[in-house]
Structures are given as structure tokens and as C-alpha cells.
Amino acid sequence: MTGQDNVEPLVVLQPISVDTRSPDQSGMLVLINGLLVAVLVRLDAPWHERPGAWHMEAGFGRLAGVRAPVFDTLEDALRWIRCRLRGSPGKI
């Protein structure tokens with residue numbers, strides 16, 4: 001059976017600088033099917049345990065208020081975001 005459930009959502013990453021009041025300013029807007037769902041920030045400050053890892057600075061919609069782990073790569077972050085959204089009502 002075919003249908004929308006078999007269609008992968010369109011994911012777009014858009015680089016952006018984020019005012020975090022720290023050296024962690026390299027960010028990515030995460031848009032899925034044209035909707036902003038998260039802002040990811042790369043951890044660049046030397047005091048981080050995992051410099052170069054990614055943190056979800058903000059989540060929107062179904063990701064609002066969700067506490068996310070720190071991700072080693074952008075791919076790990078996107079995988080986690082997709083899994084969170086796939087398991088929610090009104091699939092993305």
C-alpha cells in the first residue's frame with residue numbers, strides 16, 4: 001500500500017548565528033516540510049566536555065519543552081528529531 005506514510009519529510013538545515021551569550025554561536029535552523037522545528041547550536045566553548053557536539057537550543061511545536069541529549073553529529077541530531085516527531089500524533 002502506498003501513501004503519505006511512505007514519503008520521507010523534507011528536511012532543510014539553514015546555518016545561522018545564535019546569540020547564546022557564549023562562544024557557542026554556530027547554529028542550524030532545522031526545518032521539516034517548511035516548518036521550523038528546532039534550533040541546534042554547536043558547542044564551541046573550551047569548557048564543554050564534548051566541544052564540536054550539537055545541542056538543541058530550542059524546540060518548537062512538538063519539540064517545545066523537550067529535553068534533548070547532546071549529539072555528536074548533526075546526523076545524530078536529525079535522527080533523534082525525526083524519531084521524536086515520527087512517534088507523535090499528526091506525523092511529520
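The values are calculated or read from the model by the stated rules, or taken from the named source; none is laboratory data. Not measured: the values here are computed from a predicted model. Glycine gets a Cβ as well: all are built from the backbone with ideal geometry, and neighbour counts include every protein chain shown. Protein only, heavy atoms only, side chains kept; ligands, DNA and RNA dropped before computing areas. Shrake-Rupley method; radii C 1.70, N 1.55, O 1.52, S 1.80 Å.
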Region 56-81: number of residues that are open to solvent by less than 80 Å² (accessible area, probe 1.4 Å) and under 24 Å from Leu10 (Cβ atoms): 16
Some residue of region 44-53 being without any contact (Cβ under 8 Å) to a residue 60 or more places away in the chain, under 21 Å from Gln14 (Cβ atoms) and within 11 Å of the chain's Cα centre (by Cα): no
Residue in region 23-35 that is of a type in the set (Gly, Ala, Ser), over 16 Å from Pro9 (Cβ atoms), in contact (Cβ under 8 Å) with a residue 24 or more places away in the chain and buried (at least 18 other Cβ atoms within 10 Å of the Cβ) present: yes
Cβ pairs under 7 Å, 6+ apart, first in region 69-92 and at pLDDT below 95, second open to solvent by less than 80 Å² (accessible area, probe 1.4 Å) and assigned to a helix (DSSP H, G or I): Arg84/Leu63; Ile92/Leu85
